[in-house]
Every structure is written in structure tokens, then in C-alpha cells.
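Okay, structure first, notes after.
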Amino acid sequence: MNSHALPPPRTRGRANGPRRALPAAVAGILGLVATQTMPLPADAAASTLGAAAQQSGRYFGTAIAGGRLGDSAYTTIASREFDMVTAENEMKIDATEPQRGRFVFTSGDRIHDWAVRNGKRVRGHTLLWHPGQPAWLQSLSGSALRQAMIDHVNGVMAHYKGKIYAWDVVNEAFADGNSGGRRDSNFQRTGNDWIEVAFRTARAADPAAKLCYNDYNIDNWTWAKTQAVYNMVRDFKQRGVPIDCVGLQAHFSSGNPYNGNFRTTISSFAALGVDVQITELDVQGASPTTYAAVTNDCLAVPRCTGITVWGVRDSDSWRSSDAPLLFGGDGSKKPAYTAVLNALNAAGSSPPRAHGVRGAP
């Protein structure tokens, strides 16, 4: 998700070395690359998260911060373990259109290009979000804001057309608590159809990209916010509004604990005819039991197509004091890492799922 502060019930925060002429080392590197890019036999245990997820046709990704791409320890882990990349902040509105009509893609391109060079796909995050807006956008309202919103979607998606697996078209548009309503934002005040307009604009801009709605605190099936998003997606599918996936951020903490009905949430959204992606996973304390449960919940639903953890090491996390990720600050694999890898490997291979043009592996 995001490095910015969120409302209650939880708070949120964002080189290759020289070749050595040692045959054994070269063989090891080649073998590692192969595990990232080639599906393994069902009875073989993969040694990395991405390769293990690929056995069942899924991905296992991470959020990448452009400012850390110069850290070789960081990039070594990211390159080895993950096969999907999400830019942490570099594709958001304030980063990509700091002035109206002047698009800047330097930072986003740096992450995209690093991912592609390392054999990874990219999720786009995020086109429209109520925080992180530049001052020029905050000053607009009404029809002027609506047009600027459309122009932004078109401008960013045109630049990345054909390069992005899935876009979080709209992020966090529903209110917290029990109201079951939309969040009051400048976008919402342009009219209740703004999310629909965003998705229709996005489909026209890049028909090949999967289009996702992404939100937090929609993990527990009984919550009003979860039901409100579900009702919107159901309405969109019934009326032919183009939506391909729902992103469950899955930031689990004492204020938003993992609940055993998470699998019900995943399967219920999937039953509407959309993919489900766990987009920003982190777990306070990195409980191996919780990480394994989340992974198994995704594996149990064919249309849960992948998992992304929100950062590489604990020290890179927006909630670093919670030590919520799979790698410690020193880069060591934590017990939660082993729990996830074992769960992915235990799933082995499953029958291939039907995919449309958008996002086909």
C-alpha cells in the first residue's frame, strides 16, 4: 500500500557485481535464474517464493521503492525471490503529474525497467487516490476536476500501455467504519459515478491491462466496508462496467487482525467473476501461522491470482516497528518466509485456469 498515514482502525506509513570465472558459482546463479522463470514439476520443491507460486499459476510479488534500487542487498533479495513488482509511490498522482498536463515518469520508469530487466511483471499503483494529490489537483472541483481525473488516467496509461499487468485504477474510495458508504473526497464530490468513469476510461486507454479496485480493511467478510465494495463490484459486473480484479491490501495488525473468514471474502469476490489479488500483505510480528493461512486462503481459490508483500525487509516497511515482513532488516529469512514457501510448495501445480487476454501469464 502506502507510506502515508491512514485513518483508524489502523495507521499506515513506503547492482550487479562483477562476473567471477568460477564454474560452480556460475552454475548456481544460472540455476537460481531458472527457478524464477521456469515452472517446476509438481513433485519438485521450489527454492524461491516466485518460483513456488508459479507452480500453481500464481505470482508472488513485492513493493519496490526506487530510492532503494542502489542497495545491493535489497535488490539481491528482490530479484531472487519475487516475480511481480509494484512501485511503492512512484506511479501515484503526485509523482507522475506534478503539474497539470506535465507528466513525469522518470521514477516510475526506473522501477519498471529494473523489473523487466530482472524478468518480472509490474502492477501499476495507483491511478486515482484521495491522498498524494499535487496542489494543482486539490484546487480543482466539479467538471474541471472530473476532466483532470480523466486526463490523468489517459496520460499515465498511454505511457505504460502494454507494459503493465494490472492497474489499481481506484484506491481506497470507501469509508472506514460501519457506514458502508463512499469516502468523502474531492473525486467523490464530482459525482457518484466517478469510479465507473475511471474504469471505463482505463479500459479504453489500455484494453490489455487488468483493471482493479484496491482497498484496505475489506479483508473481514462481515464488515460493512467489505460488503460495500462487494456490492459495487457486483453492480459493475451486472452493468458491464469493466472491472477485472479486486485488490485486498491485507495489512494485518492488532487493530485489523486476520480472521478465518478471509477465505470467504476471497471466494465471494471471485464468484462475481473477478480475479482477487492480495496486494499489500504485511502482518504485525510476521506470525508464520498467519502468513501461511493467508497463503493457503489464496491457494484455495482458483481466481486468487497472486500475493504481493508490501516491502522486502522489515527495515523497508512503512510499519517497520511492527517487523511485519518475510525478511529481517539484515536480509535474513524469517520463520514466516519458510511458512509461506512451504505452503506454496505444498500446493504444487493445479489445473490451468482460464485467462482472458488481460494479464494472461
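Within segment 193-208, being part of a loop (DSSP other than H, G, I, E, B) and open to solvent by 10 Å² or more (accessible area, probe 1.4 Å) holds for ASP193, PRO207, ALA208.
Please work out which one of (1) open to solvent by 10 Å² or more (accessible area, probe 1.4 Å); (2) of a type in the set (D, E, K, R); (3) in contact with a Ser or Thr (Cβ under 8 Å, 6 or more places away or on another chain) is the condition ARG117 fails and give its number. So ARG117 meets the others, but not (3). Of all residues in segment 133-147, those satisfying the criterion of being assigned to a loop (DSSP other than H, G, I, E, B) and either open to solvent by less than 20 Å² (accessible area, probe 1.4 Å) or touching a strand residue (DSSP E or B) at 6+ places or on another chain (Cβ under 7 Å) (or both) are GLN133, PRO134.
Pairs meeting the criteria (first residue in segment 153-172 and over 13 Å from VAL104 (Cα atoms) and at pLDDT 95 or above, second residue among the polar types (S, T, N, Q) and outside any strand (DSSP E or B), beta carbons under 6 Å, at least 6 apart or on different chains) are VAL153/THR201.
Scanning segment 181-205 for residues that are touching a strand residue (DSSP E or B) at 6+ places or on another chain (Cβ under 8 Å) and within 23 Å of ALA270 (Cβ to Cβ) returns ILE195, ALA198, PHE199, ALA202, ARG203.
The values are calculated or read from the model by the stated rules, or taken from the named source; none is laboratory data. Nothing here was measured: the structure is a model prediction, and the numbers come from that model. Note that we place each Cβ from the backbone using ideal geometry, even for glycine, and neighbour counts take in every protein chain shown. Each accessible area value is taken on the protein alone, full model and side chains, heavy atoms only, with ligands, DNA and RNA left out. Shrake-Rupley method; radii C 1.70, N 1.55, O 1.52, S 1.80 Å.
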